[in-house]
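Trainee: I'd like to ask some things about the structure below.
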Amino acid sequence: MESVSGSTGDAGRQEELSVGDPVLGKSRLLSRQCDTCIFAPGNRMHLGPGQLRALVTEAREQGSYIICHDTLPHYLHPQAKPAICRGFADRYRTQALELIERLWGFVEVDPPQPSEQHQSEEGCGQ
């Protein structure tokens with residue numbers, strides 16, 4: 001199982017960004033693209049010019065992958081565990097993705113959804 005370290009080099013941060021499921025011994029991969037996938041048509045994440053290309057280039061040069069932004073710690077879904085971006089995995093083959101697939105395999109997880117409490121609060125105002 002591969003983990004992607006943050007630029008800080010902090011060991012605690014590195015563990016936070018692990019896409020590995022310690023119970024199953026597999027790496028988490030989204031079962032489908034999230035609603036605001038950076039690879040979806042229409043630039044739903046409002047990336048600046050060249051930003052997507054830079055992210056992809058960096059991941060490919062490092063032989064790594066992109067972690068879905070919706071599964072990053074302290075983003076919209078704090079209960080979510082880091083998972084490999086489905087949009088990236090469907091488009092690119094890297095050394096890390098090939099090794100994970102051959103050695104451990106993937107466990108597909110659904111993209112995070114808003115909590116039920118948040119949904120019911122929205123429904124009350126309509």
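Trainee: With a/c under 1.5 counting as rounded, go ahead and sort segment 11-124 into rounded, prolate or oblate using the C-alpha gyration tensor (a ≥ b ≥ c being the square roots of the eigenvalues; past the cut-off, prolate if a/b is larger than b/c, else oblate). Working shown, then result.
Mentor: Numbers: a/c = 1.88, a/b = 1.23, b/c = 1.53.
Oblate is the answer for segment 11-124, as a/c is 1.5 or above yet b/c matches or exceeds a/b.
Trainee: How big is Rg to Rh over segment 26-80, alpha-carbon atoms, Rh as the Kirkwood inverse-mean-distance radius? Please report the intermediate quantities before stating the final value.
Mentor: Numbers: Rg = 12.1 Å, Rh = 12.5 Å.
That ratio is 0.96, to two decimals.
Trainee: May I ask you to evaluate 6.51 cos²θ - 1.76 cosθ + 1.60, the Karplus curve with θ = phi - 60°, for each residue of segment 45-59 and list the ³J(HN,Hα) values in order in whole Hz, giving x for glycine and proline?
Mentor: So the Karplus estimates, Gly and Pro as x, are 9, 6, 6, x, x, x, 5, 5, 4, 5, 4, 5, 4, 4, 4 Hz.
Trainee: With charges set only on the Cβ (+1 for Lys and Arg, -1 for Asp and Glu), what does the dipole of segment 11-124 come to about its Cα centre, in debye to the nearest 20? If you can, show how the numbers build up before the last one.
Mentor: On the way: 12 positive and 15 negative charges, 95 e Å.
Roughly 460 debye for segment 11-124.
Trainee: Do you know the relative contact order of segment 11-124, to the nearest whole percent, from alpha carbon pairs under 8 angstrom that are 6+ apart? Write out the running numbers ahead of the final one.
Mentor: Numbers: 149 pairs, mean separation 39.9, N = 114.
In percent, rounded to a whole number, it is 35.
Trainee: Enumerate the amide H contacts of residue 21 below 5 Å, restricted to partners 5 or more residues apart or on another chain; note that Pro and chain-start residues carry no placed amide H.
Mentor: Here 26, 27, 28 satisfy the definition.
Trainee: Hey, another quick one. Under a 5 Å amide H to amide H cut-off, with H placed in plane at 1.01 Å, what residues pair with residue 67 once short-range neighbours are removed?
Mentor: Result for residue 67 returns 85.
Trainee: Output the peptides 18-30, 97-109 sorted from most to least packed, where packing is the average of other Cβ atoms within 10 Å over each peptide's residues. Write out the running numbers ahead of the final one.
Mentor: Details: 18-30: 18.2, 97-109: 15.4.
Output ranking for 18-30, 97-109: 18-30, 97-109.
Trainee: Ok, one more. Take each of the peptides 36-42, 46-52, average the number of other beta-carbon atoms within 10 Å over its residues, and list them starting from the highest. Provide the component values of the computation, followed by the final result.
Mentor: On the way: 36-42: 14.6, 46-52: 10.6.
Ranked from most to least packed, the peptides come out as 36-42, 46-52.
No value in this document is a laboratory result; all are computed from the given coordinates. These numbers come from a predicted model, not from an experiment. Reconstructed Cβ throughout: ideal geometry from the backbone, glycine too, with neighbour counts over all protein chains shown.
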